[in-house]
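All remarks here apply to the structure that follows.
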Amino acid sequence: MTNPAKQLDDDAIVLLTEDHKKVKKLFADFAKLAKGDGTDKAKAEAVRAICLALTIHAQAEEKIFYPAVRAVIKDDDLMDEAHVEHAGVKSLIAQLHAMEPAHDHYDATVTVLGEMFDHHVKEVEDKMFPKAKKAKVDIDALGAALMQRKHELLAERGEAE
Ligand SMILES: [Fe+2]
């Protein structure tokens, strides 16, 4: 259960770290279905959940967190790589949207997307967050902005929280 009152107070690093954990769990759920005998319908639903969570996360992170961090950490290479990684994630999500679970490369595409996401998590949590903290990015204000952006993105898609 999410606790909205608690989330309102969470800073950007707490929120993004929670997002990362949530998305990793969704990939683990899919892996179980793929290894076991998950039906195509169950797999498609798991992938829908992954793509939605990942898209909202990436868009909020990219529009709210990255620009604020880029402005202060003076590491354009790290930020450029983060953008290119997001572009790779978006491209695989688009490929998955066009694929049925019966497709030969369906499971492999989800697996590779999960590996790209794992890499993203390492880069952001191990490199970007420490630099953002050191540069005294206002993670409290960014946390509130991230929450608001996520609400808007979900509402635009007609999705419940
Ligand atoms: Fe992220």
Verdict on Ala31 being out of contact with any Lys or Arg (no Cβ under 7 Å at 6 or more places or on another chain), assigned to a helix (DSSP H, G or I) and free of Cβ contacts under 8 Å to residues at least 60 places away in the same chain: no
Condition check for Lys63: without any contact (Cβ under 8 Å) to a residue 40 or more places away in the chain and either more than 18 Å from Gln95 (Cα to Cα) or touching a Gly at 6+ places or on another chain (Cβ under 7 Å) (or both): no
Candidate set: the range 102-158, residues that are β-branched (Val, Ile, Thr), in a helix (DSSP H, G or I) and in contact (Cβ under 8 Å) with a residue 60 or more places away in the chain; chosen: the one surrounded by the fewest Cβ atoms within 10 Å (Cβ to Cβ): Thr111
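Per-residue answers, yes or no, for (1) over 17 Å from Lys63 (Cβ atoms); (2) more than 16 Å from the ligand (Cβ to nearest atom); (3) among the acidic types (Asp, Glu):
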residue	(1), (2), (3)
Pro101	yes, yes, no
Asp104	yes, yes, yes
Glu115	yes, no, yes
Lys122	yes, no, no
Lys127	yes, no, no
Ala132	no, no, no
Lone unmet requirement of (1) away from the ligand (no atom under 16 Å from the Cβ); (2) surrounded by fewer than 16 Cβ atoms within 10 Å (Cβ to Cβ); (3) of a type in the set (A, V, I, L, M, F, W, C) for Ala87: (1)
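Laboratory data are not the source of any read-out in this text; all were calculated from the coordinates shown. On a predicted model such as this, the values are computed, not experimentally measured, just so you know. We place every Cβ from the backbone using ideal geometry, glycine too, and count neighbours over all the protein chains shown.
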